[in-house]
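The values are calculated or read from the model by the stated rules, or taken from the named source; none is laboratory data. Quantities reported herein were computed from a predicted structural model and do not represent experimental measurements. Methodologically, a virtual Cβ is constructed for each residue, glycine included, from the backbone with ideal geometry; neighbour enumeration extends over all protein chains shown. Surface accessibility is based on the protein's heavy atoms, side chains included, excluding ligands, DNA and RNA. Shrake-Rupley method; radii C 1.70, N 1.55, O 1.52, S 1.80 Å.
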Amino acid sequence: MNIRQLEMFMVVAEVENMTEAAERTFISQSAVSQTIQELEREIGIRLFDRPGRSIQLNPAGKSFYQRVKHFLQEYQELEDFAVYLEKQAPMKLGANLTIANFWLPELIPSFLQHGYQVTIQADSAEHILTALRNQDLDLALLEGSVAEKGLVVEPFDQYELVVVMGIEHPLARQETVSVKDFLQYPLFLREQGSAIRKTLDSWLLLQQKQAVPMMTSINSPALLAMTATGTGITLLVEQSIYHDQVCCLPFEGQRLYNQIQLVYQPEHLFTETMRAFRKSIFSQGEKING
């Protein structure tokens with residue numbers, strides 16, 4: 001028994017005429033008759049009486065009609081809901097905190113203007129990866145190295161890490177910052193394990209150096225607020241906020257970068273919204289890097 005047979009049964013049951021049923025469904029009368037006979041054979045019950053050349057629902061057919069009518073209504077609602085999921089259901093997006101602070105404000109507004117819907121979870125990379133594994137998220141935007149096995153990781157952009165200091169800070173008069181200068185001032189740094197901190201610590205380790213921060217935080221704006229006072233310096237993405245209170249300089253002889261990537265489960269089905277978002281962020285990355 002299949003949907004095609006049930007839909008054909010409904011047409012024949014409503015008109016009780018094979019010729020008219022064939023005209024309504026744009027197939028031959030013999031094909032209509034064969035479909036009904038196949039259905040009756042499969043369920044083991046005759047649904048129609050056939051006195052002479054006419055056809056009429058019998059008592060079993062009338063009971064079957066009511067159940068099929070209800071079932072097909074439910075089936076149509078399910079199909080409509082599937083279309084909603086494909087085209088209109090909100091995409092569940094995760095982003096680590098740096099991306100949420102500095103990239104989402106550029107990416108999301110234009111995406112929403114095209115009529116797409118999205119819900120966003122901004123959290124640590126660890127929590128985002130856990131949500132992705134548990135299928136609580138559709139897609140994730142993460143920075144730095146993602147070593148999680150079993151996930152698709154697609155780099156689409158990168159950002160430079162720069163030393164940030166107040167505009168009145170002694171280092172602000174220089175064009176670059178040496179490692180020695182960087183380490184001699186109070187440091188306001190991201191927490192250990194964050195992508196920014198990993199990149200800094202790995203680079204310093206190669207030079208047999210280690211940063212000992214005065215302040216650590218998962219909150220980049222909090223580090224910036226402290227930096228803007230001139231008390232110390234930090235290492236972050238080049239800033240547009242506090243731009244009139246801070247300046248940004250690269251390290252001397254070495255530029256540090258972190259990749260940004262789209263991450264998702266390989267078996268996850270892409271909806272229209274997800275496909276549009278992926279296209280949008282890769283176009284944005286090409287525009288920035290091109």
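For the range 1-57, just say rounded, prolate or oblate: build the C-alpha gyration tensor, square-root its eigenvalues into a ≥ b ≥ c, call rounded for a/c under 1.5, and beyond that prolate if a/b exceeds b/c, oblate if not. Oblate shape, in that a/c is at least 1.5 and b/c is the bigger or equal ratio.
The residues of the chain have, on average, 56 Å² of accessible surface per residue, using a 1.4 Å probe with all protein chains present.
For the peptides 49-56, 36-43, the ranking by packing is 36-43, 49-56, with the highest mean count of neighbouring Cβ atoms within 10 Å listed first.
For the range 1-86, the Cβ-based charge dipole about the Cα centre amounts to some 500 debye (Lys, Arg positive; Asp, Glu negative; other atoms uncharged). The helix-only estimate of mean residue ellipticity at 222 nm for the chain, built from DSSP H runs of length n ≥ 4 each weighted as -39500 (n - 2.57), is -14500 deg cm²/dmol after division by the residue total. Please report, as a whole percent, how much of the solvent-accessible surface of the range 1-149 comes from carbon and sulfur atoms (probe radius 1.4 Å). Whole-percent figure for carbon plus sulfur exposure: 50. The trypsin sites (Lys or Arg not before Pro) of the range 65-164 that meet both conditions, a loop assignment by DSSP and at most 10 other Cβ atoms within 10 Å of the site Cβ, are Lys149. Per residue, the average separation of C-alpha pairs within less than 8 Å and at least 6 apart gives the chain a relative contact order of 21 percent. Counting only protein heavy atoms and a 1.4 Å probe, tell me what percentage of the range 156-278's accessible area is made up of carbon and sulfur. The nonpolar share, carbon plus sulfur, comes to 49 percent. Taking Cα extents along the principal axes in Å as calculated from this structure, the corresponding entry among [x] 47, 46, 39; [y] 57, 49, 31; [z] 105, 33, 29 is [z].
Evaluated over the chain, the count of Lys pairs having alpha-carbon atoms less than 20 Å apart is 7 (only pairs 8 or more residues apart or interchain).
Distance from the C-alpha centroid of the range 31-86 to that of the range 135-151: 47 Å, rounded to the whole angstrom. So, taking all protein chains as they sit and a 1.4 Å probe, how much accessible area belongs to Glu148, in Å² rounded to tens? Glu148 has an accessible surface of roughly 60 Å² with all protein chains in place.
Counting only DSSP beta bridges whose two residues both lie in the chain, roughly 60 percent are antiparallel.
Of the trypsin sites (Lys or Arg not before Pro) found in the range 233-281, those in coil by DSSP whose Cβ has at most 14 other Cβ atoms within 10 Å are Arg255. Among 221-227, 23-29, 197-203, sorting by the average number of other beta carbon atoms lying within 10 angstrom of each residue, highest first, gives 221-227, 197-203, 23-29.
The 1.4 Å probe gives accessible areas that order Glu160, Glu106, Glu79, largest first, as Glu106, Glu79, Glu160. Each of the peptides 178-184, 95-101, 135-141 was scored by the mean count of other Cβ atoms within 10 Å over its residues; in descending order, highest first, they stand as 95-101, 135-141, 178-184. A dipole drawn for the chain from +1 and -1 charges on Cβ atoms has a positive end, and of Pro186, Ser217, His268 the residue lying farthest that way is His268. With only the Cα atoms considered, the range 1-144 has a convex hull volume of 165 Å³ per residue. Taking the Cβ-Cβ separation of Ser178 and Ser283 as r and a Förster radius of 35 Å, what is the calculated FRET efficiency to the nearest 0.05? After rounding, the FRET efficiency stands at 0.40.
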